[in-house]
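Right, one structure below, let's go through it.
The values are calculated or read from the model by the stated rules, or taken from the named source; none is laboratory data. Quick caveat: nothing in here was measured; it's all calculated off a predicted structure. Neighbour counts run over all protein chains shown; Cβ positions are idealised from the backbone, glycine included. We work out accessible area using only protein heavy atoms, side chains counted, and drop any ligands, DNA or RNA first. Shrake-Rupley method; radii C 1.70, N 1.55, O 1.52, S 1.80 Å.
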Amino acid sequence: GRSLQPLAARADVWQLAHKYRAWIQKFRYMRLLLERQLHVLALDSDVMVTRDPYPPLRREFGDFQFITAFDTKGGFANINVGVIYLQNVSLGGAVHQLFVEFDKRVAEGLQLSPPAGAGAREALTVRLFWDQNLFNKVLLSAFVGRAVHLPDESDAAWTRANQQRLMQLGRPYSYSAPSAQVPAMRTLSVRPPWYPREAEFRWRRLPGRWRKGAKGATVESSITSAVVPAGTGRDERLLLAPPWLISADNSLGHRYKHWMYGMDPPPCVLLHFVCVAPGEHSRILPMRLFGGWDEQAVQAELPAALLPRVSALRPLLALSKGSERTPLAPRP
C-alpha cells in the first residue's frame, strides 16, 4: 500500500537487484501469513521434499514454534533460512518480533545513503539486505537480549567488545540438548553415523522480551488493527532439526553425506542442496548424483570467459565418488 511506496523508491535508489527484493518480500509475506495465525513452511528452490514433512513437524516437534536447520557457515546465529517452518506463533510473541525487527531493519537500511561506487554499494547491500545475513543478525540479537549488528552500526562498540560471547551463542552447544532423541521416520533409510535411527537435535527458548529499552514500545500487526505491547508476548521455542528431518552438508550431524542423497528410500525428509562444495558446485554435485547434470550442454551455454574458471574448479566434483559400498569418511 501507500506505506510501502517510499521503500520501493529507496530500493530503486540502492539499485537493488531482483534477488534482494525477492528475499525481502519472502520474509514480508511470511510475517503477513503468521499474523493471520497460519502455519508457514517456506522452502528455497534448491530444497527437495522426499516425504510428507507435516506429520513430524506437527507431531514429534509440535511444541516448537520455529523449526529450521543449523548451518556451520550461516553466520551470526548460524541458521539456514532456506528451510523455515512456523507454527502456533503468537501475535507479539518472540517469533513474531523477529519478523517485525527484520522489516524494521530493512526499512532502516534503505534509508541510508548507498555508496557511490558499484563495488562498495554491492558489499554494503549484502550486509544490509541479504536475507540469510540479516535474519541471522536479528536472531542473534534475540539470543543476546539486545540489538546487535544494526544497519547504522550504532551498536558497533558494544558488539566488538562482546564478539567472543556472540560467536559462542551461535554454536550448537549453546542450545539445550533434548532429554530424549526422536527416532527417524520408518520410511527413511538409516545409515549410521551419517543418518542414525536417533539423531541429534537442539533447541533454544526465545524470550518474549529481548530488545533493551523496548518497554512501552509497540509491535504493530501489519494486517490486524491490534497493537501489542512489545515484551508482553510469550516466550517461544526454536528447533535445530535433526538430519533425518532437514539435511544439508553443513547442518547438524556428519558432513560429506551427499553420496547418500539418492538412496531409495531417502535418508531425510527435506534435503537442502547447499554447502557440499563452494559456489555453484554445491548444486552441481547433487544434480550429477541424480543424473540431471549435462556438463556439455551447460558449457555450450557459458560465455567463453567463464570456461577456464569452471575447469579450475572441476576437481571438487571428486566428492561425488562416495557410494553405498565405498562411503566417504564421516566428518563432524
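Checking each residue in region 93-104 for being open to solvent by less than 10 Å² (accessible area, probe 1.4 Å) and either of a type in the set (Ser, Thr, Tyr) or more than 15 Å from residue 25 (Cβ to Cβ) (or both) picks out 93, 94, 95, 96, 97, 98, 101.
Checked against the criterion of being assigned to a loop (DSSP other than H, G, I, E, B), touching a Gly at 6+ places or on another chain (Cβ under 9 Å) and surrounded by 15 or more Cβ atoms within 10 Å (Cβ to Cβ), the candidates 133, 88, 80 yield just one match: 88. Taking the criterion of being of a type in the set (D, E, K, R), within 17 Å of residue 201 (Cβ to Cβ) and under 13 Å from the mean Cα position of the chain (by Cα), the only residue of region 34-92 that qualifies is 71. Residues being of a type in the set (D, E, K, R) and at pLDDT 95 or above are represented in region 63-70 by at least one member.
Condition check ((1) at pLDDT below 95; (2) assigned to a helix (DSSP H, G or I)) across all residues:
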site	(1), (2)
4	yes, yes
7	yes, yes
16	no, no
26	no, yes
41	no, no
45	yes, no
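Among the candidates 15, 25, 65, 37, single out the residue that is in contact with a Leu (Cβ under 8 Å, 6 or more places away or on another chain) and surrounded by fewer than 13 Cβ atoms within 10 Å (Cβ to Cβ). 37 is the lone residue from the list that is in contact with a Leu (Cβ under 8 Å, 6 or more places away or on another chain) and surrounded by fewer than 13 Cβ atoms within 10 Å (Cβ to Cβ). When we screen 160, 165, 204 for residues that are among the charged types (D, E, K, R), within 22 Å of the chain's Cα centre (by Cα), modelled with pLDDT of 95 or more and over 20 Å from residue 66 (Cα atoms), the only hit is 165. Of all residues in region 190-199, those satisfying the criterion of being in a loop (DSSP other than H, G, I, E, B) and surrounded by 16 or more Cβ atoms within 10 Å (Cβ to Cβ) are 190, 194, 196, 199.
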